[in-house]
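**Q** Mind having a look at this structure? Questions to follow.
Every number in this text was worked out from the coordinates using simple rules, so none of it is lab data. Only a predicted model underlies this, so the values are computations on that prediction, with no experimental measurement involved. Glycine gets a Cβ as well: all are built from the backbone with ideal geometry, and neighbour counts include every protein chain shown.
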Ligand code: NAD
């Protein structure tokens, strides 16, 4: 229970909900503790937003969208505001990175990279705002037809705790570029940078009601937003279970949604792979954010002839890894919460009980506070194909190594989970790379590379239990807009 954690002296008090460019106290009057997961200490509070706060935020967004100053801005002006926000995020990089590192328990350098990516999202979508347009459609003689892209209206956004700042840029950037008015519900486990970015958006000049943030619990503020009849679309990133609730709520309101729900992404090492290039990437792709990345490379599939060599290279790297405090620039930080730590440790304990061999395990920096939620990284293998580690998402620094026979076996194995988000293929054979990439299920395939979460420009999203729809790149501009066909008859 959060109440049992020590409270830091002079902790940051809750600011409230950010509605109409102002901090407004939550109508619940309650606050939620914010725990620094690398320390196990309460260092701040956030408002416990509720359904009434969501009502106010949606009303503010509605007013902004329908007739408010936001609705009158041109695409170029919206783009300039996003550019200004990007600049403000960059100007405040160190402050934001320090908050993100402490709030999420991630290494400071990783938090800095996250804030740079956040700025880049706003820059990318700022630049795109007036370059994304409709078309003229050939039709019968005497008709002029255009297809225009228009905003959806008020968009709801529910984001997770693993990359709070980046997720804000990723989901608000395209929504604002297209002229939607937004209401965002960040995760209760980590959202301090999101609140700060909302304030920066007001500083950048976004008119009242364009950007609203209601912090709070998922089943209160999150559910109230998802179910709100006043929203026109919802974007969600998080667990498949909550994704189902979001999609059900969207169906009841007859609105669209984009869902990004995680994965069990494979990296396939064929027998001709450049292992010196591949292995560092394989390791980085599972320890990034302590494995708490939807597109973590959680499985490494290794062709039998190179099994021994690949495994010994991976083992050498893994056993040297250390989890530690953000400021000490460890290889990886902590898990987000005691609950998630317990969940990850449950997977590890069950696999060990079931006799799945441990290839190598890293450690915890002795300087890391005893109260922090650390899990040493571990690689298991060969993981039997019917073991949970071969198909369930752990969301922790746990890599499953699985041998395969040939190309067909690799494809079947890679596609053999309920997920389909991203994949990596390592081979020197160009034809094989393309052949396999085309057969893999998911939204992104990397060849001789892997980008867990990287690439603002690259459309990203999944299939089935990984969700549907696409964010990032220009594709997100389609998600956050609708096509209207206008047919004009002339003489
Ligand atoms: P979650 O799905 O419960 O939380 C994600 C967001 O949804 C948070 O903002 C939360 O407040 C909100 N939420 C929770 N319940 C809600 C509801 N009933 N209605 C509306 N919004 C609600 O995720 P979690 O419990 O924090 O993590 C559990 C698992 O989810 C992880 O182990 C991992 O597998 C997965 N996860 C995936 C991602 C991802 O990036 N795809 C991110 C975080 C968690």
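**Q** Output the residue which, of all residues in segment 421-442 that are in contact with a strand residue (DSSP E or B) (Cβ under 6 Å, 6 or more places away or on another chain) and part of a loop (DSSP other than H, G, I, E, B), is surrounded by the fewest Cβ atoms within 10 Å (Cβ to Cβ).
**A** The extreme case among them is 440.
**Q** Being farther than 19 Å from residue 169 by Cα and either more than 19 Å from the chain's Cα centre (by Cα) or part of a helix (DSSP H, G or I) (or both) narrows it down to one of 197, 286, so name that one.
**A** From the options 197, 286, the qualifying one is 286.
**Q** Something else: Look through segment 234-244, keep the residues that are more than 8 Å from the ligand (Cβ to nearest atom) and within 14 Å of residue 159 (Cα to Cα), and return whichever of them is surrounded by the fewest Cβ atoms within 10 Å (Cβ to Cβ).
**A** Only one residue tops the list, namely 234.
**Q** Whether any residue in segment 259-277 is more than 8 Å from the ligand (Cβ to nearest atom), assigned to a loop (DSSP other than H, G, I, E, B) and closer than 17 Å to residue 460 by Cβ is what I want to check.
**A** Looking for residues that are more than 8 Å from the ligand (Cβ to nearest atom), assigned to a loop (DSSP other than H, G, I, E, B) and closer than 17 Å to residue 460 by Cβ, one finds at least one in segment 259-277, hence yes.
Each row is one residue, and each column tells you yes or no for (1) closer than 18 Å to residue 456 by Cβ; (2) surrounded by fewer than 17 Cβ atoms within 10 Å (Cβ to Cβ); (3) in contact with a strand residue (DSSP E or B) (Cβ under 6 Å, 6 or more places away or on another chain).
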{"residue": "140", "(1), (2), (3)": "no, yes, no"}
{"residue": "145", "(1), (2), (3)": "no, yes, yes"}
{"residue": "164", "(1), (2), (3)": "yes, no, no"}
{"residue": "193", "(1), (2), (3)": "yes, no, no"}
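**Q** Here's a follow-up. Here is a check on your reading of the model: is residue 111 in contact with a helix residue (DSSP H, G or I) (Cβ under 6 Å, 6 or more places away or on another chain), away from the ligand (no atom under 13 Å from the Cβ) and in a helix (DSSP H, G or I)?
**A** The answer is yes for residue 111.
**Q** Since residue 161 meets every condition but one in (1) outside any loop (DSSP other than H, G, I, E, B); (2) closer than 30 Å to residue 218 by Cα, which condition does it not meet?
**A** Status for residue 161: all satisfied but (1).
**Q** Looking at residue 53 and the list (1) surrounded by 24 or more Cβ atoms within 10 Å (Cβ to Cβ); (2) without any contact (Cβ under 8 Å) to a residue 12 or more places away in the chain, which single condition is not satisfied?
**A** Against the list (1) surrounded by 24 or more Cβ atoms within 10 Å (Cβ to Cβ); (2) without any contact (Cβ under 8 Å) to a residue 12 or more places away in the chain, residue 53 comes up short only on (2).
**Q** Could you list all residues from segment 195-219 that are within 11 Å of the ligand (Cβ to nearest atom) and buried (at least 21 other Cβ atoms within 10 Å of the Cβ)?
**A** 214, 215, 216, listed by residue number.
**Q** May I pose another question? Which residues, taken from segment 292-320, are more than 16 Å from the ligand (Cβ to nearest atom) and closer than 18 Å to residue 407 by Cα?
**A** Hits for segment 292-320 are 300, 301, 302, 303, 304, 305, 306, 307, 310.
**Q** More than 16 Å from residue 389 (Cα to Cα) and either more than 12 Å from the ligand (Cβ to nearest atom) or surrounded by 15 or more Cβ atoms within 10 Å (Cβ to Cβ) (or both), is that true of residue 283?
**A** yes
**Q** Sticking with this one: Restricting to segment 172-194, name every residue that is in contact with a helix residue (DSSP H, G or I) (Cβ under 6 Å, 6 or more places away or on another chain), within 16 Å of the ligand (Cβ to nearest atom) and assigned to a helix (DSSP H, G or I).
**A** Result: 192, 193, 194.
**Q** Would you point out the residue of segment 117-138, among those that are in a loop (DSSP other than H, G, I, E, B) and free of Cβ contacts under 8 Å to residues at least 24 places away in the same chain, that is surrounded by the most Cβ atoms within 10 Å (Cβ to Cβ)?
**A** Here the residue is 131.
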